[in-house]
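Inspection log for the structure reproduced underneath, given as structure tokens.
The values are calculated or read from the model by the stated rules, or taken from the named source; none is laboratory data. If you're wondering where the values come from, they're calculated on a predicted model, not measured in any experiment. Every residue, glycine among them, receives a Cβ derived from its backbone with ideal geometry; neighbour counts consider all protein chains shown.
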Amino acid sequence: MSLWLAAQPLVLASRSVVRRSLLEAAGIPTEAWAVNLDERAIEARASDLGPSQVANLLAEKKASAAAAQWPGRIVLGADQTLALSARRFNKPCDRASARDQLRTLAGHSHELHSAVVIASDQQVLFGCVESARLTMRDMSDQFIETYLDAVGPQALTSVGSYQLEGLGVHLFERIEGDHFTILGLPLLPLLTFLRRMGFLAG
């Protein structure tokens, strides 16, 4: 018996392999549909918003854009921002950018803000932002180069140049927060909402 009660799979407005695997591991069938948004332009226009608000805005934009293309379907948009004090980080564009991010973050605590939004037929049904605090250990330049050699192009696929579920775990000395939030999807509040709406078995 399936836990998912909706007639059709959830539409994930992203090609994120991690988010899709988290949803499917929780018994939620998904169809991925990447949204083509200029996220940097959206962030620039939202310069007065804090990092958690920016994450929510981007998740909402993704969910709404996908919902317009998938009428009648339940659509999930998600996004994550990383902030070190007042500075926000984006995905590095090349190895040099990844190196600079790691040098800046090393020895400091930063926050990850993960947002999820559910929309259907241009109506936002649910939104949530959860935060986690992560402390990177001090690292030598030599170790950073060794790490970047080991992870290769994966360093460019996530903000902060790390995946905690992989070799990125070697960068940290302390982690405070929900595991799913760190991976980019506040899964527990999302499941609560889906059960409340009757999309998941209760």
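Summary table below
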{"item": "Any chance H170 is within 14 Å of the chain's Cα centre (by Cα) and of a type outside the set (A, V, I, L, M, F, W, C)", "result": "no"}
{"item": "Residue satisfying condition, being closer than 20 Å to A119 by Cα and of a type in the set (A, V, I, L, M), within set L185, L148, L167, L134", "result": "L185"}
{"item": "Residue in the stretch 34-47 that is surrounded by fewer than 17 Cβ atoms within 10 Å (Cβ to Cβ), in contact (Cβ under 8 Å) with a residue 40 or more places away in the chain and over 17 Å from the mean Cα position of the chain (by Cα) present", "result": "no"}
{"item": "Residues being more than 25 Å from L171 (Cβ to Cβ) and in a loop (DSSP other than H, G, I, E, B) - total across the stretch 92-142", "result": "2"}
{"item": "Odd one out for L49 among (1) under 23 Å from S131 (Cβ atoms); (2) outside any loop (DSSP other than H, G, I, E, B); (3) at pLDDT 90 or above; (4) of a type outside the set (D, E, K, R)", "result": "(2)"}
{"item": "Among the residues listed as A132, A115, A155, the single one being in contact with a His (Cβ under 9 Å, 6 or more places away or on another chain) and small (G, A, S)", "result": "A132"}
{"item": "Residue among S114, S64 that is within 30 Å of Y147 (Cα to Cα), surrounded by 13 or more Cβ atoms within 10 Å (Cβ to Cβ) and of a type in the set (S, T, N, Q)", "result": "S114"}
{"item": "Residue list for the stretch 22-33, restricted to those being in a helix (DSSP H, G or I) and surrounded by 14 or more Cβ atoms within 10 Å (Cβ to Cβ)", "result": "L22, L23, E24"}
{"item": "Cross-chain or 6+ apart pairs with Cβ under 8 Å, the stretch 1-20 first and closer than 15 Å to A119 by Cβ and modelled with pLDDT of 95 or more, then among the basic types (K, R) and part of a helix (DSSP H, G or I)", "result": "L12/R19; L12/R20; A13/K62"}
{"item": "Candidates L167, L148 - the one that is touching a residue at least 24 places away in the same chain (Cβ under 8 Å) and either closer than 19 Å to V54 by Cα or of a type in the set (A, V, I, L, M) (or both)", "result": "L148"}
{"item": "Cross-chain or 6+ apart pairs with Cβ under 9 Å, the stretch 184-202 first and without any contact (Cβ under 8 Å) to a residue 40 or more places away in the chain, then in a helix (DSSP H, G or I) and among the basic types (K, R)", "result": "G202/R195; G202/R196"}
{"item": "Failed criterion for Q101 (all others in (1) in contact (Cβ under 8 Å) with a residue 24 or more places away in the chain; (2) of a type outside the set (F, W, Y); (3) surrounded by 16 or more Cβ atoms within 10 Å (Cβ to Cβ); (4) within 30 Å of V75 (Cβ to Cβ) hold)", "result": "(4)"}
{"item": "Candidates S52, S64 - the one that is over 21 Å from S161 (Cα atoms) and touching a strand residue (DSSP E or B) at 6+ places or on another chain (Cβ under 8 Å)", "result": "S64"}
{"item": "Answer residue from the stretch 122-145, given it is in contact with a strand residue (DSSP E or B) (Cβ under 9 Å, 6 or more places away or on another chain) and acidic (D, E) and is nearest to T81 (Cα to Cα) among those", "result": "E130"}
